[in-house]
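For reference, the structure discussed in these notes is given below.
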Amino acid sequence: MSSIFYKHPKLYNAMLRILHGKKLIERYKFLASEIGKEQIVFELACGSCLFYNYIDPSCEYIGWDLNQIFIDQAKKDGLNVNLQDIFNYDEYPDNDVVVIIDVLHHIVPRHEAFLKEVISKSKKVIVIEPFKSVNLLDILLLKKGPVRIFMKILNRFFGDNDGINHPDSFFEWKYTEEDLVSFFKKIKPVKITKSGKDLIAVF
Ligand SMILES: C[S@@+](CC[C@H](N)C(=O)[O-])C[C@H]1O[C@@H](n2cnc3c(N)ncnc32)[C@H](O)[C@@H]1O
């Protein structure tokens with residue numbers, strides 16, 4: 001069972017806007033400029049497809065996700081999306097650029113093998129992931145004992161529980177900014193850019 005945000009695309013988008021503030025649009029615009037025009041954009045684990053609204057209209061967009069509610073809504077909105085598992089590498093459509101936004105922390109511990117496999121199959125890959133920093137939420141997430149138990153329960157119903165992966169996977173995402181830079185650097189990116197509490201890596 002997923003948290004409430006993964007049941008309602010509009011609520012999910014509102015949560016993203018509150019969580020990221022102005023940085024949300026900034027990162028989408030950065031991504032869109034990295035992609036450019038007339039490209040086939042393949043978004044893995046596209047969620048509510050919010051990013052679609054920022055790509056150049058000359059681009060073609062394909063999205064995959066396993067959330068039936070998100071996919072149904074995106075289809076109603078006329079988007080080319082499919083209920084597909086992102087680990088189904090052999091079924092990937094032809095594309096010019098793969099986009100992976102806020103996904104790796106959902107698929108711990110398979111995130112590294114996944115990213116390497118996607119890069120090996122793609123012309124260009126852009127990844128955005130959050131890192132841990134010194135704020136109340138991250139401090140609480142890293143606490144042990146009763147606080148941790150309380151945070152895990154809260155997360156299941158009102159947090160980052162997508163209903164597909166283990167509900168506590170976000171608690172296993174322990175990368176600080178330096179750790180995440182090192183993680184990306186091991187896989188040899190073309191560039192790494194910081195945006196708020198996220199890193200954007202281009203491969
Ligand atoms: C934090 S959301 C990110 C959604 C979107 N990329 C965004 O930026 O808003 C993580 C998404 O990963 C999807 N997901 C998790 N594991 C998946 C899998 N194995 N195959 C397809 N989608 C998956 C979830 O359904 C959820 O929509």
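Every read-out reported here was derived from the displayed coordinates using simple, explicitly stated rules and does not represent laboratory data. Computed from a prediction, not measured in an experiment: that's the story for all the values here. Cβ sites come from the backbone with ideal geometry, for glycine too, and all protein chains shown count toward neighbours.
So which residues in the range 1-35 are of a type in the set (S, T, N, Q) and not in a loop (DSSP other than H, G, I, E, B), if there are any at all?
Hits for the range 1-35 are Asn13, Ser33.
Go over the candidates Lys174, Lys152, Lys185 one by one and state the one that is under 17 Å from Pro130 (Cα atoms) and over 18 Å from the mean Cα position of the chain (by Cα).
Just a single option satisfies the conditions, and that option is Lys185.
Please specify each residue of the range 118-138 satisfying the condition of being farther than 19 Å from Cys49 by Cβ and either surrounded by 14 or more Cβ atoms within 10 Å (Cβ to Cβ) or in contact with a Lys or Arg (Cβ under 9 Å, 6 or more places away or on another chain) (or both).
Residues satisfying the conditions are Ile119, Ser122, Lys124, Pro130, Phe131, Lys132, Ser133, Asn135, Asp138.
Suppose we filter the range 144-201 for residues that are in a strand (DSSP E or B), of a type in the set (Gly, Ala, Ser) and more than 16 Å from the ligand (Cβ to nearest atom); how many remain?
Within the range 144-201, residues that are in a strand (DSSP E or B), of a type in the set (Gly, Ala, Ser) and more than 16 Å from the ligand (Cβ to nearest atom) number 0.
Find the residue count for the range 48-72, including only residues that are without any contact (Cβ under 8 Å) to a residue 24 or more places away in the chain, part of a helix (DSSP H, G or I) and not polar (S, T, N, Q).
2
Condition (residue is touching a Lys or Arg at 6+ places or on another chain (Cβ under 9 Å) and within 12 Å of the ligand (Cβ to nearest atom)) applied to the range 52-62: is it met by at least one residue?
Yes, some residue in the range 52-62 is touching a Lys or Arg at 6+ places or on another chain (Cβ under 9 Å) and within 12 Å of the ligand (Cβ to nearest atom).
Condition check ((1) closer than 25 Å to Ile192 by Cβ; (2) within 14 Å of the chain's Cα centre (by Cα); (3) outside any loop (DSSP other than H, G, I, E, B)) across all residues:
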site	(1), (2), (3)
Lys37	yes, no, no
Cys46	yes, yes, no
Asn82	no, no, yes
Asp90	no, no, yes
Glu117	yes, no, yes
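Counting just the residues of the range 149-186 that are among the β-branched types (Val, Ile, Thr) and touching a strand residue (DSSP E or B) at 6+ places or on another chain (Cβ under 8 Å), which one comes out surrounded by the most Cβ atoms within 10 Å (Cβ to Cβ)?
Checked the range 149-186; the qualifying residue surrounded by the most Cβ atoms within 10 Å (Cβ to Cβ) is Val181.
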